[in-house]
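**Q** My questions all concern the structure below.
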Amino acid sequence: MTAAHGVPAGIPHGLTAGQVARALNLKEETVKRALTTGALPSWRVEHGRGWRYVRPHDLATFAADRGLPLDWGELL
């Protein structure tokens, strides 16, 4: 079953940089740079470690806009 924006059911609502890197087959440092510059939209949890999270539909848009293959199976 597919959810909104072509995102498969069962994908977490907030993805870490490591998860995004695996799904796009990129280095985590590359993903973190995209998060820091705002190229890949995210939200930040201010308490604790201050990790950034990516919404699945933002990941899908980012990948499509750049012609990057996206392997949702890496996130299930």
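**Q** Being in a loop (DSSP other than H, G, I, E, B), at pLDDT 95 or above and over 9 Å from the mean Cα position of the chain (by Cα) is the filter here, so list the residues in the stretch 54-76 that pass it.
**A** 67, 68, 69, 70, 71
**Q** Need the failing condition index for residue 51 against (1) farther than 13 Å from residue 23 by Cα; (2) of a type in the set (Phe, Trp, Tyr); (3) at pLDDT 90 or above, just the number.
**A** (3)
**Q** I've got another one for you. Just the residues that are over 19 Å from residue 67 (Cβ atoms), without any contact (Cβ under 8 Å) to a residue 12 or more places away in the chain and surrounded by 10 or more Cβ atoms within 10 Å (Cβ to Cβ), please, taken from the stretch 30-43. If you could, list the steps in order and put the result at the bottom.
**A** In the first step, residues of the stretch 30-43 are kept if they are over 19 Å from residue 67 (Cβ atoms); the result is 32, 35-36, 38, 42-43.
With the extra rule that they be without any contact (Cβ under 8 Å) to a residue 12 or more places away in the chain, the set shrinks to 36, 38.
Hit for the stretch 30-43 is 36, nothing else.
**Q** Given the structure, is residue 6 without any contact (Cβ under 8 Å) to a residue 24 or more places away in the chain, at positive phi and over 13 Å from the mean Cα position of the chain (by Cα)?
**A** no
The values are calculated or read from the model by the stated rules, or taken from the named source; none is laboratory data. Bear in mind that the values here come from a model prediction, so they are computed numbers and not experimental data. Here the Cβ is made from the backbone with ideal geometry for all residues, glycine too, and neighbour counts use every protein chain on show.
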